[in-house]
Amino acid sequence: MWWLRCLIPGGVCCTGGSIGRLPEELQREVAYIAYHLHWSRHEILEMPHRERSMWVARVNEINAEILDRTRRLRREFLEQSSPDYTQSGG
């Protein structure tokens, strides 16, 4: 739909209504998705805001699951290697 396209200062053309969003917030979303999913800036900016937000939330969920699993495995390892671990509050 060509009438939904907009030109953001700096020459970035996008769809998805991101023109009203704060540039810093949009930059954080783009950087976050690009870092974790290795998608191009252009691909991410072409997404509607709702879809970008969905991907940010999903990556957050995955990162939280990985962090929880890592902490649990670390705790289990330390408990097995040091019987006093649970008493020391580590």
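Note that the range 56-63 has calculated 3J(HN,Hα) couplings of 4, 5, 5, 5, 4, 4, 4, 4 Hz, one per residue in order, obtained from phi through the Karplus relation 6.51 cos²θ - 1.76 cosθ + 1.60 (θ = phi - 60°); glycine and proline are x.
What fraction, in whole percent, of alpha-carbon pairs in the range 18-72 exceed 19 Å separation? It would help to have the intermediate numbers written out before the result.
Numbers: 439 of 1485 pairs.
It works out to 30 percent of all Cα pairs.
Put a dot 7 Å past the Cα of ARG28, heading toward its Cβ, do the same for HIS49, and the two dots end up 1.5 nm apart. For TRP55, the accessible surface of its heavy atoms amounts to roughly 70 Å² (probe 1.4 Å, protein chains only, rounded to the nearest 10).
Can you give the FRET efficiency for ILE62 and HIS42, using 1/(1 + (r/R0)^6), R0 = 25 Å, r = Cβ-Cβ distance, to the nearest 0.05? Intermediate values should be presented prior to the final figure.
Details: r = 23 Å, r/R0 = 0.94.
For ILE62 and HIS42, the calculated efficiency is 0.60.
Excluding LEU73 itself, calculate the net charge of residues whose Cβ lies under 15 Å from the Cβ of LEU73, where each Lys or Arg counts +1 and each Asp or Glu counts -1. Walk me through the intermediate numbers first.
Working: positive: ARG69, ARG71, ARG72, ARG74, ARG75; negative: GLU65, ASP68, GLU76, GLU79.
Charge balance in the 15 Å sphere: +1.
The values are calculated or read from the model by the stated rules, or taken from the named source; none is laboratory data. Predicted model only: the values in this text are computed from it and were never measured. As a convention, Cβ positions derive from the backbone with ideal geometry for all residues, glycine included, and neighbour counts pool all protein chains shown. The accessibility values were calculated without ligands, DNA or RNA, using every heavy atom of the protein model including side chains. Shrake-Rupley method; radii C 1.70, N 1.55, O 1.52, S 1.80 Å.
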